[in-house]
1. Within the stretch 29-40, track down each residue that is on the phi < 0 side of the Ramachandran plot and either touching a Phe, Trp or Tyr at 6+ places or on another chain (Cβ under 9 Å) or not in a helix (DSSP H, G or I) (or both).
2. Give the stretch 52-80 a look and list any residue that's modelled with pLDDT of 80 or more and either part of a loop (DSSP other than H, G, I, E, B) or surrounded by 10 or more Cβ atoms within 10 Å (Cβ to Cβ) (or both), or say none.
3. How about the stretch 3-20: which of its residues are touching a Phe, Trp or Tyr at 6+ places or on another chain (Cβ under 6 Å) and without any contact (Cβ under 8 Å) to a residue 40 or more places away in the chain?
4. What pairs come out if I take residues in the stretch 21-43 that are more than 19 Å from Met3 (Cα to Cα) and pair them with residues that are loosely packed, with under 12 Cβ neighbours inside 10 Å whose C-beta lies under 8 Å away, six or more apart or interchain?
5. Filter the stretch 5-27 for residues that are assigned to a loop (DSSP other than H, G, I, E, B) and either basic (Lys, Arg) or crowded, with 19+ Cβ neighbours inside 10 Å (or both) and give the result.
Amino acid sequence: MAMKSYPPEFKADAVALYLSDPGRTLASVAEDLGISRETLRNWVRQAQADGSAGAKKRAPHKRPAQGPLSFDDVLEEENKQLKARIRELELEREILRRAAKYFAGETNW
């Protein structure tokens, strides 16, 4: 099997996508992008070793403080989560657009 070469932008976007959501696994992100889990793992390790701006270690999930929450606090937290999800989906869409453009250029029909 021939080794594929990916553009640096695709690699950086894939790493950013993985690091942006602590709830996603290497396997799930790699599957979404159509690459090997090990390939993505190597890119993440390399980015962290290089100290790339977007390659910070994933932060663990924060547990909410225990105690009564007001309705406004609940709405504010939900709004924050929805905005984060929108950013994640926009990033995924952009990565998939770039990947489609890249792979469309590879076809020799």
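The values are calculated or read from the model by the stated rules, or taken from the named source; none is laboratory data. Predicted model, so just to flag it, every value in this text is computed and none were measured. In this analysis, Cβ positions are derived from the backbone assuming ideal geometry, glycine residues included, and neighbour counts consider all displayed protein chains.
1. Pass one, the stretch 29-40, residues on the phi < 0 side of the Ramachandran plot: 29-33, 35-40.
Scanning the stretch 29-40 gives Val29, Ala30, Leu33, Ile35, Ser36, Thr39, Leu40.
2. Taking the stretch 52-80 and keeping what is modelled with pLDDT of 80 or more, we get 70-80.
Once the filter is applied, which keeps residues that are modelled with pLDDT of 80 or more and either part of a loop (DSSP other than H, G, I, E, B) or surrounded by 10 or more Cβ atoms within 10 Å (Cβ to Cβ) (or both), the stretch 52-80 yields Ser70, Asp73, Val74, Leu75, Glu76, Glu77, Glu78, Asn79, Lys80.
3. Scanning the stretch 3-20 gives a single hit, Lys11.
4. Correct list of pairs: Pro22/Ala59; Pro22/Pro60; Pro22/His61; Gly23/His61.
5. Just the residues of the stretch 5-27 that are assigned to a loop (DSSP other than H, G, I, E, B), to begin with: 5-7, 21-25.
Matches in the stretch 5-27: Arg24 only.
Residues checked against (1) basic (Lys, Arg); (2) touching an Asp or Glu at 6+ places or on another chain (Cβ under 6 Å); (3) modelled with pLDDT of 90 or more:
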{"position": "Met1", "(1), (2), (3)": "no, no, no"}
{"position": "Lys4", "(1), (2), (3)": "yes, no, no"}
{"position": "Pro7", "(1), (2), (3)": "no, no, no"}
{"position": "Asp13", "(1), (2), (3)": "no, no, no"}
{"position": "Gly23", "(1), (2), (3)": "no, no, no"}
{"position": "Leu26", "(1), (2), (3)": "no, no, yes"}
{"position": "Asp32", "(1), (2), (3)": "no, no, no"}
{"position": "Arg37", "(1), (2), (3)": "yes, no, yes"}
